[in-house]
Protein chains: 2
Amino acid sequence: MKEQMMKTSIELFGNKGFRSTSIQDIVEANGATKGTFYYYFKNKEGVLVQIHESFIDHLLNGQEQIMQNKQSTNHEKLYQIVETLIRNIRSNGNSAMVFFREMRHLSDEKTAAILPKRQLFQENIQKVIEDGILMNEFRQDLRTDMLSYAVLGIANWSYFWYEPDGEVKENELTDIYMSMIFKGIEGE
Amino acid sequence: MKEQMMKTSIELFGNKGFRSTSIQDIVEANGATKGTFYYYFKNKEGVLVQIHESFIDHLLNGQEQIMQNKQSTNHEKLYQIVETLIRNIRSNGNSAMVFFREMRHLSDEKTAAILPKRQLFQENIQKVIEDGILMNEFRQDLRTDMLSYAVLGIANWSYFWYEPDGEVKENELTDIYMSMIFKGIEGE
């Protein structure tokens with residue numbers, strides 16, 4: 001029921017907005033009682049926090065697995081991290097949009113609990129680039145923090161326009177992105 | 001007064017959200033009357049539309065000037081377009097955020113009036129890349145539409161995290177981005 005309530009809330013927040021959605025709306029959409037709601041969530045803000053925590057935890061888990069693989073080059077790891085973000089649009093794209101739009105409704109305290117996780121995701125990308133520089137896989141003349149934001153920007157912006165069921169498949173999109181990131185558009 | 005009302009509305013929409021801001025709030029923040037408001041805007045939605053139209057028109061004008069310069073290579077044009085987006089964060093970053101978050105409050109009709117302008121901005125980037133391929137400035141094996149989204153993603157994502165008064169200046173950020181886009185992080 002908790003998962004179901006979060007799923008319905010993503011739809012409601014997405015359509016009506018966070019402020020205009022009431023706990024009663026969430027309860028009714030699930031054929032549940034307010035008692036059930038309060039069993040799982042402290043308040044409406046709590047739902048928003050959990051939607052995003054579940055979103056970012058899922059991505060961080062995937063990233064950790066990629067990073068811990070001792071067989072992979074950093075080149076491969078960076079590819080796989082971007083691939084994870086692109087593949088995640090199909091299943092969790094709406095959740096990302098809701099959080100992004102509604103984040104300002106969270107108290108500083110709640111936001112503070114989530115930001116370190118977002119930051120960790122970025123820092124992990126930066127670490128892969130830095131490890132790749134040490135291994136002579138990547139050039140060393142560009143700031144790795146700014147590069148990590150560039151890579152994140154390409155992948156995250158896709159949440160705003162990319163249609164996973166359209167003409168370009170996830171693996172093709174990832175290939176194009178990574179070819180640009182690794183080799184540049186000037187080519188050899 | 002119109003410009004001033006738009007400026008105040010960007011702040012109000014940014015802080016309180018579009019739905020929770022009343023026309024009365026906008027009027028009071030400007031020491032104006034509702035009559036003045038309705039002289040300039042049809043309704044609250046009209047303010048949101050004009051905020052974004054003014055934002056995108058400004059960027060499109062800059063882009064057109066860059067594209068019409070017959071002295072520039074496509075390499076230079078692409079650099080300058082990204083530079084325009086990065087430099088614009090300082091003056092118009094809040095306007096971009098407000099529009100992005102509140103866009104779902106616009107009717108389909110209003111959105112339809114704005115989307116072609118956003119699309120034109122992307123298509124112009126794609127055209128610069130395609131012209132660059134014809135001139136042998138860029139490699140021809142990657143889909144130019146996807147590349148234009150990648151370039152836009154890097155620049156647009158910066159609106160979410162970049163602090164123009166921080167350690168990294170606009171020109172340095174643009175240099176890092178464009179070096180990655182042109183040459184890739186593997187380098188020579």
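Here segment A:1-41 is assigned +1 on the Cβ of each Lys and Arg and -1 on the Cβ of each Asp and Glu. Its dipole about the Cα centre then comes out at about 100 debye.
3J(HN,Hα) along segment A:92-97: 10, x, 5, 4, 5, 5 Hz, from the Karplus curve 6.51 cos²θ - 1.76 cosθ + 1.60 with θ = phi - 60°, whole Hz, x for Gly and Pro.
Hey, what did chain A get for relative contact order, percent, Cα under 8 Å, at least 6 apart? Don't jump to the answer; show the numbers that get you there.
Values: 131 pairs, mean separation 45.2, N = 188.
Computed value for chain A: 24 percent relative contact order.
For the rotation carrying B onto A, the chain B residue whose Cβ lies nearest the axis, with the distance in whole Å, reads B:G184, 2. Between A:G184 and B:G184, B:I185, the built amide H atoms are under 5 Å apart, and every one of these is 5 or more places off in sequence or on another chain. Projecting the Cα atoms of A:V128, A:L147, A:Y40 onto the charge dipole of segment A:32-159 (Cβ charges, centred on the Cα centre) puts A:Y40 farthest toward the positive pole. How much net charge surrounds B:H75 when only other residues with a Cβ under 15 Å from its Cβ are counted (Lys, Arg +1; Asp, Glu -1)? With Lys, Arg at +1 and Asp, Glu at -1, the net is -2. Taking the charge dipole of segment A:1-41 about its Cα centre, with +1 at Lys and Arg Cβ atoms and -1 at Asp and Glu Cβ atoms, the residue from A:G31, A:G14, A:M1 reaching farthest to the positive side is A:G14. Springs join every pair of Cα atoms under 10 Å in this Gaussian network model of chain B, and among B:Q126, B:Q71, B:Q50 the largest mean-square fluctuation is at B:Q71.
Cα extents for the protein assembly as shown along the principal axes, largest to smallest and rounded to whole angstrom: 58, 51, 40.
So, R0 is 30 Å and r is the distance between the beta-carbons of B:D141 and B:E170; what FRET efficiency does that work out to, to 0.05? Kindly include the intermediate steps, with their values, before the conclusion.
Numbers: r = 32 Å, r/R0 = 1.05.
Result of the calculation: an efficiency of 0.40.
So how do B:Y38, B:Y177 line up by other beta-carbon neighbours within 10 Å, fewest first? Don't skip to the end; give the middle numbers.
Details: B:Y38 13, B:Y177 25.
Ascending Cβ contact count within 10 Å gives the list B:Y38, B:Y177.
How much length is gained on full extension from B:E64 to B:K127, taking 0.36 nm per residue of separation minus their Cα-Cα distance? All intermediate terms of the calculation are to be shown ahead of the outcome.
Numbers: separation 63, 0.36 × 63 = 22.68 nm, distance 1.19 nm.
Difference between extended and current length: 21.5 nm.
If I fit a long axis through the Cα atoms of helix B:170-183 and take the longest principal axis of the Cα atoms of chain B, what angle between them do I get, 0 to 90°, rounded to 10? The helix B:170-183 is inclined about 40 degrees to chain B. Taking Cα centre as origin and charging only the Cβ of basic (Lys, Arg, +1) and acidic (Asp, Glu, -1) residues, the dipole magnitude of segment B:48-183 rounds to 140 debye. Between segment B:125-188 and segment B:18-53, what is the C-alpha centre distance in whole Å? Value for the Cα centre distance between the two parts: 37 Å.
Ranked from highest to lowest mean number of other Cβ atoms within 10 Å per residue, what is the order of the peptides A:110-117, B:82-89? Each step should come with its number before you reach the end.
Working: A:110-117: 14.1, B:82-89: 20.1.
Per-residue Cβ counts within 10 Å, averaged per peptide and sorted highest first, yield B:82-89, A:110-117.
Between helix B:2-16 and chain B there is an angle of about 90 degrees, using the helix long axis and the longest principal axis of the Cα atoms.
Bear in mind that the values in this text are calculations on the coordinates, not laboratory data. The model shown is predicted, which means the values in this text are computed figures rather than measured ones. So basically every Cβ, Gly included, is an ideal-geometry build from the backbone, and we count neighbours across all protein chains shown.
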